[in-house]
Every structure is written in structure tokens, then in C-alpha cells.
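In what follows, a structure is listed as C-alpha cells, so that the remarks can point back to it.
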Amino acid sequence: MAEITFFQYIYGDTILHRMDGRLKLACMLLLSLAASFATALHHYLLAFGLLIFALRLAKLPWTALLKDLRFFGLIILLVISINAWTIPGDPIPTLPLPGLSRQGVVAGLRFAGRLAIIVLVCAVVTGTTPLRTFGQVIEWVLRPIPFVPAARIATMVTLTFALIPVLLGQFAEMMAAQKARGIELRKNPVRRLYYAVFPFLEQMLRRTDQIVEAMEARGYSEVRTRAVFKSTKRDWLIFLLCLSVFLYVCCS
Amino acid sequence: MEPNEFFKPTTAPREDEARTNLRMTVYVALFTALIIIGGYISIPLPIGPVPIVLADFFTMVTGVFLGYRWGLTSVALYLCLGILGLPVFAGGKAGLAVLFGPTGGFLFGYLFLVAVVGFIVHKGKPSLFKTAMALVAGNLLLYGVGVTWLKTVLKIGWPAAVAAGLIPFIPGIIIKIVVASALARTLLPRFQQGPVPPFRQ
């Protein structure tokens, strides 16, 4: 999972890359809400159609994204099969497996569709938006709210995203190091968790202090120039498209 | 008007304060990222909608290390990222619907967990017993809120809610509490010592 390209910005110069960050995040919010309200088949087809169009528009690398989706595919398969076998209902005549119910399969597929939409929306948005923009948009949203340190929260969000791949890489490295020393086989679950988390946290705490020092050395300050956003007609069109999909899914 | 007055930033805090704030800012980001990763290491259970996750373990660790103020910030940030539509909740879920769905009580319960653990651990002298008790109290609150929520949303009776939302996790909770207490004992003193002092000319 360490090489996941999925939450990472991929450089490009397309309509979606140039889109106003505020509207892009609003679209993400709307689409993920729409995903949780979707019930009928045509809702899912609509959302998937829109997302495939967005993926083509953004010219993101298909193969790399699909490779990363394997992880989510595993979760989706697990969820479908658990739902299929635990929700009581009528058996499927063409697929006579013991315990399998039609209602269960439908519920599982619905859940899987929702998950896939959310993951794809996230892939499109994070693939076309640099981390800086994320932070700036969040600062822009929080700025008018009193007593909220907008700049600090924006820094926190940016750092969180930056840290996720670092953490995954560190964890994989540590597990490999333990395996190389032959200490991965612990039966006792307490020791197992402890020996996985202790060195990992220790490393990460040290690393975090280094990040703090690096930020100080580069003169980090919460008092800084504010970002200026510009939105074009095309951005508003994309936003309206997402809004209409959201309203359609919620109202029908 | 003095010439320098014009260039002086109006809201810049004192240097020490700014330093502590920056350090805690980065730590909040670190622990939020840990909670997010913990949500991905989740195992769905065949008997109910609540999966076993490591997110609550990292929430406990957040409370132990950051205290209640910064810990609450960290968990609130996690919830906000989920609301925004990023797949950060257990198993890649996101959105307001999850927060108000059957398992939403556990997500809100994280706020209580981190607040209680952070408050008790950072009050008075540190001891292993106190940390363990703080974790037990926090988990009682977490599962109290979570199970009540599950019961209300799914409209099921208490026995069914407890069977789906509490009983399968008891062994996991005990393991997590033991490990979190052990981590607090070994790592917390080092963490509280603070970073290496800054280089001054």
C-alpha cells in the first residue's frame, strides 16, 4: 500500500486541473453525499458515467489507479459476500448456493457501489488538486468563522495528507525489518500489536520533530499571504452539473 | 509612527508560544493520519454492521499523547475530513450519511474517548494505573454512546444492540487497552520531554 498513487496529485494541465479549488471541493462534497443517498440502479449508473467522464477529462493514469483500487476491491468483495450470506431472504434460482440470499446480494452490491463512487471521487479530486490548494480552500472556508485559527487548521490538513504516504512507507519498512530479523511470528496478540506499534510510533515521533525543525528552519509562520481564487464560467458549469446530479439522486 | 511598526505582523504570538503551537500542529496532523490509517486496518464482522478497527486504538493513543485539547482537535479534524467526502472512515467510507448512520455513534464517541483519556492522563502525576483507568473509562463512554446510537438508529432492542456493538469487541478492547497503557509508559515520558532545544546564535 505504500506506493499508492491514489491520494497523490498527478501533474497535468486539463480543465479539472485548472478548476477553482473551492468549487472542486464543493463538487466532491455533493457527489459523496449523492453516493450515500443513491438507491436505484440508474443513480449508480449516472454517478459512474459522470466519474468516468471526469477521469477521461483529467487524463489520470488509468492503469495505475486500477492497480491501487485492488485494495478497495478486496474490501468490496468481502462486504458483498458477508452481506450476501448474512441478510435473510429468498434464494437466487440460477445460483443455488446454500445460505445465499437475493436481498443480501443486492444490499452488498449497493454498498459496494457507494464505496466505489466515494473512492473514485476522491481519486479524481486528489489527483487533480495539489495539497497546497486543499489547505488554501480550507483556510478560505474557515476565515470568516471567529475564534478559529484558519491558517493552523489548513496546515494540519495539508500535513495530514502529506503524512499518510510517509506513515504507510514507514510501517512497511518496519515490518520488513522485523521480518528480516525473524520476529514477525508472535502468537500473543498483545505482544503482536505492541511490537508492531511501538517502533512505528517511536520512529514517527522522531520524524515529526524533524518536520517541526524543518518548518522552523524555513521560517514557517501562520501569518502569511492569503490565496487568491479565480473561478471561470466553465468551473461553474461543472459545479452545476454535479449539483444537478446530487439533486436528481436525492429527489428521485 | 516608528518605521518598524508598519511591518510588524499584528497577530504574531510570542516565539515560545509559536514554537509549541507549531509542534502540536504537526503532532495533531500525525495523529489524525494515524487514525485514518487505523480505519483502513479494519475487519468486517459477519454478525453486525460494526467492524473491528484500529482507529479506536489510535484514538486512545492520541488522547494519551496529546491531552484533551489537542486530542479533540485531532479527532474533530478526522471527522471533518470524512464529512468533506474523503474516504477516511472504517473501510473507506465517507460523508455525512455515515456519521448519522448506524455506526455514527462510535465516530462521535471518539470525541468523548479522546477527551476523557486526554483529561485524566494529563492531570496530576502520571501512573500506569491511572492511564489504564482512563482508557477503561474512555472506552465505557465510547461504547455507551455507540451502542445507544446503534439501538436508536436500527430500532432494535438492548440485547441485539449489545450483541452487535459490544460483545464481539471485548477481547479486542482489552488487548488495545493493555497495549496503549504500555505505550504510554514507555513513550510518553520521551514525548513530554519536548524536542531538542532550538539552535540559537
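Each reported figure results from applying straightforward, stated rules to the coordinates on display, with no laboratory input. Predicted, not measured: the structure shown is a model, and the values here were computed from it. Glycine also receives a Cβ, built like all others from the backbone with ideal geometry; neighbour counts cover every protein chain displayed.
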Discussion item. Suppose each label sits 7 Å from its Cα in the direction of the beta carbon; what would the residue A:207-residue B:100 distance come out to in nanometres?
Written reply: 3.8 nm
Worksheet, complete the sentence: Between the modelled labels at residue A:178 and residue A:220 (7 Å from Cα along Cα→Cβ) the distance in nm is 2.9 nm
Fill in: Cβ neighbours within 10 Å from other chains - mean over A:214-226
3
Fill in: Candidates per trypsin sites (Lys or Arg not before Pro) in the range A:215-249, loop by DSSP, up to 14 other Cβ within 10 Å
A:218, A:224, A:226, A:230
Worksheet item: Roughly how many Å is it from the Cα centre of the range A:98-124 to that of the range B:65-99, as a whole number?
Response: 22 Å
Worksheet item: Going by how many other Cβ atoms sit within 10 Å of their own, how do B:178, B:28, A:197, B:117 line up, fewest first?
Response: B:178, A:197, B:28, B:117
Response to the item:
Candidates A:158, A:133, A:208; GNM for chain A (alpha-carbon contacts under 10 Å) flags as most fluctuating A:208
Worksheet item: Of all chymotrypsin sites (Phe, Trp or Tyr not before Pro) in the range A:20-80, which ones are in loop regions per DSSP and have a Cβ with at most 11 other Cβ atoms within 10 Å?
Response: none
Practice prompt. Scan chain A and hand back the longest stretch that contains none of the GluC sites (Glu not before Pro) lying in DSSP loops with at most 14 other Cβ atoms within 10 Å.
Written response: A:4-183
Worksheet entry | Cross-link table B:130/B:155; A:67/A:233; B:151/B:176; A:233/B:93; B:130/B:151, entries beyond 28 Å C-alpha to C-alpha | B:130/B:155; A:67/A:233; A:233/B:93; B:130/B:151
Practice prompt. Quantify how strongly other chains surround peptide A:153-166 by giving the mean number of their Cβ atoms within 10 Å of each of its Cβ atoms.
Written response: 6
Response to the item:
residue A:228 and residue A:106 label points (each 7 Å along its Cα→Cβ direction) are spaced in nm at 5.6 nm
Worksheet item: Pick from A:207, A:110, A:191: which residue has the top mean-square fluctuation in a GNM of chain A where Cα pairs under 10 Å get a spring?
Response: A:191
Discussion item. Under 8 Å for C-alpha pairs, at least 6 residues apart: give me the relative contact order for the range B:104-193, rounded to a whole percent.
Written reply: 34 percent
Fill in: For the range A:54-72 and the range B:136-196, distance of Cα centres in Å
36 Å
Fill in: In the range A:130-218, chymotrypsin sites (Phe, Trp or Tyr not before Pro) in a DSSP loop with at most 16 other beta-carbon atoms within 10 Å
A:147
